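The values are calculated or read from the model by the stated rules, or taken from the named source; none is laboratory data. The model shown is predicted, which means the values in this text are computed figures rather than measured ones. When we count neighbours, we look across all protein chains shown, and the Cβ atoms used for this are built from the backbone with ideal geometry, even at glycine. Accessible surface is based on the protein model in full, side chains and every heavy atom, while ligands, DNA and RNA are left aside. Shrake-Rupley method; radii C 1.70, N 1.55, O 1.52, S 1.80 Å.
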Amino acid sequence: MTTDALVRRAIPTPRDIAEKSRPTSTAEMLTPGPLLRGERFRPLFEQGIRGSKMTPHARLVAFTLLSHASARTGELPADRQPFLAGLVAATGLNPGQVVVQLRVLEQRGWVHRDPASPQAYEHAVLRPVIPRYVLAQLRAD
């Protein structure tokens, strides 16, 4: 192999860089993305939800859950959990609609359920999160 060929192989192309940064699986893409120093949770979450293609009901439930969370970190303490009844009262949707939207948000990586909490949404401990892939897109913009 010539020296020119070695030099060409050593310099990464934009495609090489994109492939390295691409998540390897769907599960990795949906994991909550960590905030960098100085980033605030609420503006990033709002921007991500507004830019998503979710239905208005899913956005409403997401924003309602966000209203109970910390603006800086997104943490939702146990004493501020709205639970299903609180989300129903705050959104005006019926319980079935709220459950469907919570499932959608959970499947798309926007809501994280505490593994120790019950399966039923009536008493599930929920927390709004920003999926890793969305956080990367928001930072790139």
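Can you spot a residue in the range 7-18 that is modelled with pLDDT of 80 or more and either farther than 21 Å from Arg103 by Cβ or not small (Gly, Ala, Ser) (or both)? Among the residues of the range 7-18, not one is modelled with pLDDT of 80 or more and either farther than 21 Å from Arg103 by Cβ or not small (Gly, Ala, Ser) (or both), which makes the answer no. The C-beta contact set for the range 101-114 (first residue within 18 Å of Leu44 (Cα to Cα) and without any contact (Cβ under 8 Å) to a residue 24 or more places away in the chain, second residue of a type in the set (S, T, N, Q) and not in a loop (DSSP other than H, G, I, E, B), distance under 9 angstrom, 6+ apart or interchain) is empty.
Would you confirm, using the coordinates I've provided, whether Ala136 is closer than 24 Å to Glu39 by Cβ and open to solvent by 30 Å² or more (accessible area, probe 1.4 Å)?
Spelling it out, Ala136 is indeed closer than 24 Å to Glu39 by Cβ and open to solvent by 30 Å² or more (accessible area, probe 1.4 Å).
Picking from residues in the range 90-133 that are among the polar types (S, T, N, Q) and outside any loop (DSSP other than H, G, I, E, B), the one that is surrounded by the fewest Cβ atoms within 10 Å (Cβ to Cβ) is Gln107.
Each row is one residue, and each column tells you yes or no for (1) open to solvent by less than 50 Å² (accessible area, probe 1.4 Å); (2) over 22 Å from Gln137 (Cα atoms); (3) in contact (Cβ under 8 Å) with a residue 60 or more places away in the chain; (4) part of a loop (DSSP other than H, G, I, E, B).
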position	(1), (2), (3), (4)
Leu44	yes, no, yes, no
Gln47	no, no, yes, no
Arg50	no, no, no, no
His57	no, yes, no, no
Phe63	no, no, no, no
Leu66	yes, no, yes, no
Arg72	no, no, no, yes
Leu76	yes, yes, no, yes
Gly86	yes, yes, no, no
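Suppose the filter is modelled with pLDDT under 90, open to solvent by less than 80 Å² (accessible area, probe 1.4 Å), touching a helix residue (DSSP H, G or I) at 6+ places or on another chain (Cβ under 9 Å) and of a type in the set (Gly, Ala, Ser); does Gly33 pass it? In short, yes.
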